[in-house]
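Have a look at the structure below, then the notes.
Read the figures in this text as sums done on the coordinates, not as results from a lab. Note that the structure is a prediction, hence the values are computed from the model and not measured. All Cβ positions, even for glycine, are placed from backbone atoms using ideal geometry, and neighbour counts span all protein chains on display.
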Amino acid sequence: MRIAVYPGSFDPITNGHLDVIRRAAKVYDQVVVGVLDNISKKPVFTAEERCEMIRMVTADIPNVTCDRFNGLLVDFAKQKQAAVIVKGLRTVADFEYEFQMALLNKALDPEYETMFMMTDTKYSYISSSMVKEVAKYHGELEGLVPSKLIPKIKEKYNKMDGSF
Ligand code: PNS
């Protein structure tokens, strides 16, 4: 069984991430989305909330699961019995950092291959940071994140209003 891990912060998951998950699920028997549970990154959503949102929008893809992880990605991949790490590339700007991470992961454990998937051009401008910026100022989130998540994201920002 070919298991792949798709890691990230997913704070929150965007339409670009979801596109990569859907496509990876066609290539691999199982895709485990790994949500980095790292409070030093100061995420807006808790790791559980981020995983819950991912589960909501991938409920129709039977071979996708979501789990939180802490520590090294290669250790999480081992724990999940995955042989492949999937990463999405939006633009060449992503390449340098992703290339470095892939080489580091290879140095940490040569067992793992990183497979890059080009993000669909229609999503190439979307990032979780941009989504948060738009949400903070109550802008239109349609098209940036799965529609189902918009009320959840708005609710979070409404609660946070005044705390920026
Ligand atoms: O969505 P992000 O924040 O760009 O994802 C980054 C992530 C989670 C893939 C990366 O930070 C990661 O793999 N962190 C786990 C710690 C680790 O293994 N570090 C060494 C390789 S960079």
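Tabulated data for the structure shown
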item: 5 angstrom amide H check on V145, placed H, neighbours 5+ away; result: N15
item: Proximal lysines to K152, defined as alpha-carbon separation beneath 20 angstrom and excluding residues fewer than eight positions away on the same chain; result: K42, K132, K136
item: Sequence-distant residues sharing a close amide H with L36 (under 5 Å, placed H); result: G8, S9, F69
item: For the stretch 70-109, Kirkwood radius (reciprocal of mean inverse C-alpha pair distance, Å); result: 11.0 Å
item: Packing-based order for 15-24, 92-101, using average beta carbon neighbours within 10 Å, highest first; result: 15-24, 92-101
item: Simple spin-label estimate for M117 and D161 in nanometres, 7 Å along Cα-Cβ; result: 3.7 nm
item: Gain on full stretching of the segment that runs from A107 to M56 - 0.36 nm per residue minus C-alpha separation; result: 14.9 nm
item: Under 5 Å, built H, 5+ apart or other chain: amide partners of M115; result: I85, V86, K87
item: Mean Cα-pair separation over length for the chain, i.e. relative contact order, pairs under 8 Å, 6 or more apart, %; result: 27 percent
item: Convex hull (Cα only) mean projected area of the chain, reported in nm² to one decimal; result: 9.4 nm²
item: Filter on K41/K122; K80/K156; K80/K154; K26/K78 - keep pairs with C-alpha separation over 24 Å; result: K41/K122; K80/K156; K80/K154
item: The stretch 93-110 - phi-based ³J(HN,Hα) in whole Hz, Karplus 6.51/-1.76/1.60, Gly and Pro as x; result: 4, 6, 4, 4, 5, 5, 4, 4, 5, 5, 5, 5, 4, 5, 5, 5, 7, x
item: Derived scalar couplings ³J(HN,Hα) [the stretch 62-71; Karplus, 6.51 cos²θ - 1.76 cosθ + 1.60; whole Hz; x for Gly, Pro]; result: x, 9, 10, 10, 9, 8, 8, 9, 10, x
